[in-house]
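Here's the structure, in structure tokens; my notes come after.
All of the numbers you see were taken from the coordinates with simple rules; none came from a lab. Predicted, not measured: the structure shown is a model, and the values here were computed from it. Counting neighbours? That spans all protein chains shown, and the Cβs are built from the backbone with ideal geometry, glycine included.
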Amino acid sequence: MTRRKIRQRAPWPLLVLGSLGAAVFVLPLIGLATRTPWSRLRELVMSDVVVDALKLSLMTSVLAAAISLLLGVPLAWLLARVEFPGRRIVRAIVTLPMVLPPVVGGAALLFALGRRGVIGEPINDATGFLLPFSVWGVVVANVFVAMPFLVVTVEGALRNVDGRHEAAAATLGASRLTVFRRITLPMIAPSVRAGLVLAWARALGEFGATVTFAGNLQGRTQTLPLAVFVALEQDRDTAVAISLVLVAVSLAVLLLLRDRWWSNGADL
Amino acid sequence: MNGLDAHLVVQLAGGFYLDVAFSIAPGETLALLGPNGAGKSTAVDVLAGLTPLDDGHVVLNNRVLDAPADDVFVVAEQRRIGVVFQDYLLFDHLSVLENVMFGPLALGERKPQAKAMANELLERLDMQGLSSRTPPQLSGGQAQRVALARALATQPDLLLLDEALAALDVTTRGTLRRVLAQHLSDFSGPRLLITHDPTDAFLLADRIAIVEDGSLSQVGSAEDIRRRPATPYVAALAGTNLLVGTNRAGFLTLDHHGHDLQTADTSIDGPVLITVHPTAIALHRKQPSGSPRNTWQTRVVSVEPLGDTTRITLGDPLPLGVDITPGATAALNLHEGAAVWASVKATEITVTPAAVNVKSGRN
């Protein structure tokens, strides 16, 4: 005997509004698909500009996500667990890139780390190393806009962790670092992974800070979003093709990771 | 002095203070017994080093762990106090073996040694077959033993058990109390049992300290507390009469007293703990009609007025406490040495499975 399923009708106001909400996201995709030159797609996607941009985008976004993880988790811990003067201000500054226009962020990075920047100038004088208009410039711009997503996610998780388990670990002789490594981190792992995916996704789509801080040099700093923007001016078909590549890569990663990483045990 | 010397003064939420002083000798079990909200869990936190004292001191084996007046505070990870928490707080992402290995590893033990220690402890607690499971796969009783093994693995100077049996259902409590009694006696340091359950305190502890509204209202042996309750609360707490005996299809043979009883509970055969609530015992001047088995003649040993009730202590053959109203005391003309008949219904005598070797004969 098969189990009977109870089918419940969704209330119509929720159904109508929810469907409209979904349409906001689905319609642009349809628009993109209708303008796609399907016959020339392969040729367009395999062009040097697109391949260079794709490689660069993947590399810099993954690197930015990794750096966000390395620095963002400890930062989230400090914000969640250590009371220090000005903590609220620091938290506000850390989350600022989430609301700031990325162009402003890019400009600020330039003033700090550029050739004439407060930190950039002494570094350039001493080593000759220049961050802007390099691959590392792209990574820094990406970290700047992406890390807040990881910090916010992880800090929220840290605040929700039941401190009693950490206390129990302390009574067993574990130092604070050991407690963090062996108890806290495994407990917040689902949120860390979710934050990592969010940060990576944000880095992949980053445009404004990158173009301001790192410029738009093909093969060096021209990521996929930048390539789309340039192509829109010159060759609309290429722009559509690149957009499709971005959609495909993002969708594939999100679908894959949501099932495996992001579920928190629930079916998402 | 070796052992624990504690004077705990902490400001509690709601404006009152926890202010209790006690000491525990090595090999001694002290029970801190009190109602929920009396400040017992705060006592756990300050002893373990999770909350600082406001005043007083904690000294363990001559080592000062907390003394606000001298500005001394030793952090939890350096206290060497093994805690079995109320909800065990096992690490769900680690296996049973890894949970027990956690302490030794954190204290700098090498992996093979930590593993050997953990295995030995788990074996001693009859848990060796479960070492690769994770905590969510354990029953309450198994989780309790893992928590105990984890605490003992650090070779602590003090063992602290916070409501160690509270999370278990009634049927497993009796069995686990016996297991716990045995493992407590294996630990040679001072042992502190925090509980709201008089049965746990009376059966597992050598001495009982009763906390009421943040302060100790009485400290003494189970005998002291039962015989001379200092406050009405203690009287009510200690009121439950506990006897040890054997159940055979409802017929109870008592270990220490020459009188048998009959219970309506025939579900458990063998060694049992027998509880009779003081209000369940009726007193009469003349022999009452009814079951002859649960009716006996005795003498009044003491009469203590305790506010709304009067605590009558009966002598041989069954030294039981009886609570009756002052009016009934007067009507029956009860005084020390008075001859009375006592009776109790078979349905009022409850039994739980008992160990053969628990501390017994407290009545």
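Of B:71, B:323, B:54, the sequence from fewest to most neighbouring Cβ atoms within 10 angstrom is B:71, B:54, B:323. Assuming charge only on the beta carbon of Lys and Arg (+1) and of Asp and Glu (-1), the dipole of the protein assembly as shown about its Cα centre is about 1940 debye to the nearest 20.
The residues A:147, A:59, when put in order of fewest to most other Cβ atoms within 10 Å, stand as A:59, A:147.
In angstrom, the C-alpha Rg and Dmax of region A:63-179 are 17.5, 53. Taking amide H as placed 1.01 Å from N in the peptide plane, the amide H of residue B:259 sits under 5 Å from that of B:254, each at least 5 places away or on another chain.
Name the helices (complete DSSP H segments) of chain A with a Cα length along the long axis of 24 Å or more and a Kyte-Doolittle mean of at least 0.5, or state none. Let's see the in-between values first.
Details: long enough: A:12-34 (31 Å, 1.96); A:48-81 (48 Å, 1.61); A:135-160 (37 Å, 1.51); A:185-204 (28 Å, 1.24); A:236-260 (36 Å, 1.46).
Going by DSSP H runs, the hits are A:12-34, A:48-81, A:135-160, A:185-204, A:236-260.
Evaluated at 20 °C with a viscosity of 1.002 mPa s, what Stokes-Einstein diffusion coefficient in µm²/s does region B:1-82 have when Rh comes from the Kirkwood expression over alpha-carbon pairs? Can you show the working numbers first?
Values: Rh = 13.0 Å.
The diffusion coefficient I find is 165 µm²/s.
Within a straight-line Cα-Cα reach of under 30 Å, residue B:345 can be paired with the following lysines, leaving aside sequence neighbours fewer than 8 residues apart in one chain: B:286, B:359.
Farthest towards the positive end of the charge dipole of region B:124-239, among the residues B:209, B:137, B:190, is the Cα of B:137, using unit charges on the Cβ of Lys, Arg, Asp and Glu.
Within straight-line reach of residue B:115, meaning a Cα separation under 18 Å, sit the following aspartates and glutamates at least 8 residues removed in sequence or on another chain: B:98, B:123, B:126.
What is the helix-to-structure angle for B:96-106, meaning the angle in degrees between its Cα long axis and the longest Cα principal axis of chain B, kept from 0 to 90 and rounded to the nearest 10? Roughly 60 degrees, rounded to the nearest 10. Only one residue of B:125, B:1, B:349 has its Cα farthest out toward the positive end of the dipole of chain B, where Lys and Arg carry +1 and Asp and Glu -1 on Cβ, and that residue is B:349. Averaged over peptide A:158-168, the number of partner chain Cβ atoms lying within 10 Å of each residue's Cβ comes to 4. At a Förster distance of 25 Å, what's the computed FRET efficiency of residue B:78 paired with residue B:175, Cβ-Cβ distance as r, to 0.05? Given R0 = 25 Å and the Cβ-Cβ separation, E is 0.10.
Charging the Cβ of each Asp and Glu at -1 and of each Lys and Arg at +1, and nothing else, the dipole of region A:45-260 about its Cα centre rounds to 840 debye. When the charge dipole of chain A is built from unit charges on Cβ atoms (+1 for Lys and Arg, -1 for Asp and Glu) and taken about the Cα centre, the candidate among A:49, A:232, A:250 whose Cα reaches farthest toward its positive end is A:250.
Put a plus charge on the Cβ of each Lys and Arg, a minus charge on the Cβ of each Asp and Glu, and nothing anywhere else: the dipole of region B:4-238 about its Cα centre is then about 760 debye. On the basis of the beta-carbon distance and an R0 of 51 Å, residue A:176 and residue B:256 show a calculated FRET efficiency of 0.45. Choose one answer from A:63, A:109, A:20: the residue with the largest mean-square fluctuation in a GNM of chain A with alpha-carbon springs under 10 Å. So, out of A:63, A:109, A:20, the one fluctuating most is A:20.
When the helices of chain A are scored as -39500 (n - 2.57) per DSSP H run of n ≥ 4 and the total is divided over every residue, the value at 222 nm lands at -23500 deg cm²/dmol. Per-residue Karplus couplings for region B:182-198, computed as 6.51 cos²θ - 1.76 cosθ + 1.60 with θ equal to phi - 60°, are listed in order as 5, 6, 4, 6, 6, 8, 8, x, x, 10, 10, 10, 9, 7, 10, 9, x Hz, Gly and Pro entered as x. Gyration tensor analysis over the Cα atoms of region B:4-238 returns equivalent ellipsoid semi-axes of 29, 22, 15 Å (largest first, whole Å).
Here residue A:62 and residue B:25 are evaluated by their C-beta separation; at R0 = 56 Å the FRET efficiency comes out at 0.35. Diffusion coefficient of region B:241-353 by Stokes-Einstein, Kirkwood radius over Cα pairs, 4 °C, 1.567 mPa s: 91 µm²/s. Could you work out how far the C-alpha centroid of region A:16-68 sits from that of region B:20-98, in angstrom? Between the Cα centre of region A:16-68 and that of region B:20-98, the gap is 58 Å.
Mean per-residue shielding of peptide A:172-181 is 6, counting Cβ atoms of other chains within 10 Å of each Cβ.
Is it possible to state the helix-based mean residue ellipticity at 222 nm for chain B, with each DSSP H run of 4+ residues giving -39500 (n - 2.57), the sum divided by total residues, to the nearest 500 deg cm²/dmol? What is it?
On the way: 9 runs with 90 residues, N = 363.
-7500 deg cm²/dmol, from helical runs alone.
Per residue of peptide B:89-101, the mean number of Cβ atoms on other chains within 10 Å of the residue Cβ is 3. Within the same chain, aspartates and glutamates fewer than 8 places from residue A:55 are excluded, and of the rest, those with a Cα less than 19 Å from its Cα are A:43, A:206. Highest GNM mean-square fluctuation among B:273, B:90, B:138, for chain B modelled with Cα contacts below 10 Å: B:138.
Going by how many other Cβ atoms sit within 10 Å of their own, how do A:119, A:242 line up, fewest first? Don't skip to the end; give the middle numbers.
Values: A:119 12, A:242 27.
Fewest to most other Cβ atoms nearby, the residues stand as A:119, A:242.
Taking amide H atoms as placed 1.01 Å from N in the peptide plane, the amide H of residue B:311 lies under 5 Å from those of B:304, B:306, each 5 or more residues away in sequence or on another chain.
Under 5 Å from the amide H of residue A:215 lie the amide H atoms of A:133, each residue being 5 or more positions distant or on a separate chain, with H modelled from the backbone and absent for Pro and chain starts. Dimensions of region B:85-194 along the principal axes, based on C-alpha atoms and rounded to the nearest Å, stand at 39, 32, 20, largest first. Where the centroid of each part is defined by its Cα atoms, how far is region A:171-221 from region A:70-120 in Å? Taking the Cα centre of region A:70-120 as reference, the centre of region A:171-221 is 14 Å away.
How much length would be gained if the chain were fully extended between residue B:264 and residue B:137, taking 0.36 nm per residue of separation minus their Cα-Cα distance, in nm to one decimal?
42.1 nm is the gain from fully extending residue B:264 to residue B:137.
Sorted from longest to shortest, the spans of the Cα atoms of region A:45-260 along the three principal axes equal 65, 46, 29 Å. In degrees from 0 to 90, rounded to the nearest 10, what is the angle of the helix B:111-124 Cα long axis to the longest principal axis of chain B? Once rounded, the angle reads 10 degrees. Seen from every direction in turn and averaged, the convex hull around the alpha carbons of the protein assembly as shown projects onto 43.5 nm².
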